[in-house]
Amino acid sequence: MTVWDTLVGQQVAITALQAATSGQGMTHAWLFSGPPGSGRSNLALVFAAALQCERPGGVAAGCGECHACHTVMVKTHADVRLVATQQLTIGVDDVRELVRRAALTPVGSGWQIIIIEDADRLTDQASNALLKAIEEPSERTVWMLCAPTAEDMLPTIRSRCRMVELSTPHARDVEAFLIAQGADRQRAHTAARAAQGHIGRARALATDDETMQRRHSVVTLPFGLTSLGAAMSAAETVNEAAKAEAKAFTDEADEREKTALASAYGVVQGGRRPREYAPALAALERDQKKRATRQVRDVVDRGLMDLASVYRDALRIAAASGAELVNEDLRRQVQDLAGAASAEVNLARIEMIFAAREQLLEFNVPPLLALESMMVGLWLAGMEAK
């Protein structure tokens, strides 16, 4: 199994990158764009493995068997740096450190590769620092930036990158991938449709019962929006579930990081703490708080996309398209939803959901406030349709 086999539904991009490993169109800066879950950072990592592969370039590169491929894919290769932030932004100090590293000679005989996930989170200062490094590239350094769209990056940065755009994987490709990974066929079918092209989400839905149950609790909310109280309660349900899921993720990471910090400063239980430890701990806790905020917003955003899928299914039924629904297991309830309101009303509801996403992600509106406003709007739309 080659490293390319870990990618789902991206044959056009794979063909272009395999040509680049042979020197056809190879450049020092790349920008991978595509919808959430399409595999931007995974594609960058696979490309990095192919560039470092001990076999010749082209289709053969990225064999998945050599030492270089293995170390890149498990993220331990000395000349491949993957930058993945859990915070709201990537600051200028972080980028300056990457620029310093990029100027160094690779440890091995290949490339020095720096992959920045969520490059759209770069602050203006960080973007300007990165721009200078891309404008004056080191001979053996390759930058790989990942962002939802090319427009999320500064025009001056994207103009200096070769752009590779990923598409949303088809459900049948995701299903085949999950089955190949050992998932039950029926569970894989359900998860592939529910994930709406998000590979990581599909894998979680196919393997974790709690994840599937959390999604079910969200997608059934539209059927219970019968009053103002129900709408407010639904908003609270989504918000509290998001905080609980985020807390389960961040608590473990927070404790691990605090333990590592204490060890680095030689702090022991009941012992004396060095003077430098207190400000370091305060800085760490600030970063952890930012990470927790982002994690809650990311979980809420996933829930909003799940909600939108219900109203999209209602539009499919209203159009009598005959297409399989994202929420096929809820077909009867979705049919009732489609019959209770016009296609125009359900389209307006989808617009409300995307407006809530914008408030949440672009304008930093508190999640509960954005959810309450949206849920009340969804309920009122149903009342006006009667």
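Remarks
- Looking only at the range 115-152, residues that are in contact with a Cys (Cβ under 9 Å, 6 or more places away or on another chain) and over 15 Å from His28 (Cβ atoms) come to 5 in all.
- Filter result for the condition that a residue is at pLDDT 95 or above and of a type in the set (Val, Ile, Thr), over Thr237, Thr250, Thr211, Thr220: Thr220
- Number of positions in the range 105-121 that are of a type outside the set (D, E, K, R) and surrounded by fewer than 21 Cβ atoms within 10 Å (Cβ to Cβ): 7
- Evaluated against (1) open to solvent by 30 Å² or more (accessible area, probe 1.4 Å); (2) free of Cβ contacts under 8 Å to residues at least 60 places away in the same chain; (3) within 23 Å of Ala19 (Cβ to Cβ), Gln125 falls short on exactly one condition, (3).
- Any pair with Cβ under 7 angstrom, 6 or more apart, that starts in the range 359-380 at a residue that is within 14 Å of Thr226 (Cα to Cα) and ends at one that is crowded, with 17+ Cβ neighbours inside 10 Å and of a type in the set (Lys, Arg): Leu378/Arg349
- Within the range 65-87, residues that are farther than 17 Å from Trp143 by Cβ have Cβ atoms under 6 Å from residues that are buried (at least 19 other Cβ atoms within 10 Å of the Cβ) and of a type in the set (S, T, N, Q) in these pairs: Ala68/Gln52, counting only partners at least 6 apart in sequence or on another chain.
- Residue check for Thr237: farther than 25 Å from Pro36 by Cβ, open to solvent by 30 Å² or more (accessible area, probe 1.4 Å) and not in a loop (DSSP other than H, G, I, E, B): no
- Scan of the range 9-33 for residues that are in contact with a helix residue (DSSP H, G or I) (Cβ under 7 Å, 6 or more places away or on another chain) and either among the polar types (S, T, N, Q) or modelled with pLDDT of 90 or more (or both), ordered by number: Gln10, Ala13, Ile14, Leu17, Gln18, Thr21, Ser22, Met26, Ala29, Leu31, Phe32, Ser33
- Whenever a residue of the range 151-174 is touching a residue at least 12 places away in the same chain (Cβ under 8 Å), its partners that are open to solvent by 80 Å² or more (accessible area, probe 1.4 Å), lying with C-beta atoms within less than 7 angstrom and at least six residues away or across chains, give the pairs Arg160/Glu135.
- Residue satisfying all of: in the range 44-92; within 15 Å of Gly23 (Cα to Cα) and not in a helix (DSSP H, G or I); modelled with the lowest pLDDT among these: Gly57
- Residue under evaluation Lys290, criteria (1) under 20 Å from the mean Cα position of the chain (by Cα); (2) surrounded by fewer than 17 Cβ atoms within 10 Å (Cβ to Cβ); (3) closer than 20 Å to Ala192 by Cα, criterion not met: (3)
- Any pair with Cβ under 7 angstrom, 6 or more apart, that starts in the range 106-117 at a residue that is closer than 11 Å to Met144 by Cβ and ends at one that is in a loop (DSSP other than H, G, I, E, B): Trp111/Asp79; Trp111/Arg140; Ile113/Asp79; Glu117/Ala84
- Only residues that are in contact (Cβ under 8 Å) with a residue 40 or more places away in the chain and either of a type in the set (Lys, Arg) or in contact with a Phe, Trp or Tyr (Cβ under 9 Å, 6 or more places away or on another chain) (or both) were counted in the range 203-231, giving 8.
The values are calculated or read from the model by the stated rules, or taken from the named source; none is laboratory data. None of the values given here were measured: they were computed from a predicted structure. Cβ atoms come from the backbone with ideal geometry, glycine included; neighbour counts cover every protein chain shown. The protein model used for the area step is the full one, side chains on, heavy atoms only, and it has no ligands, DNA or RNA in it. Shrake-Rupley method; radii C 1.70, N 1.55, O 1.52, S 1.80 Å.
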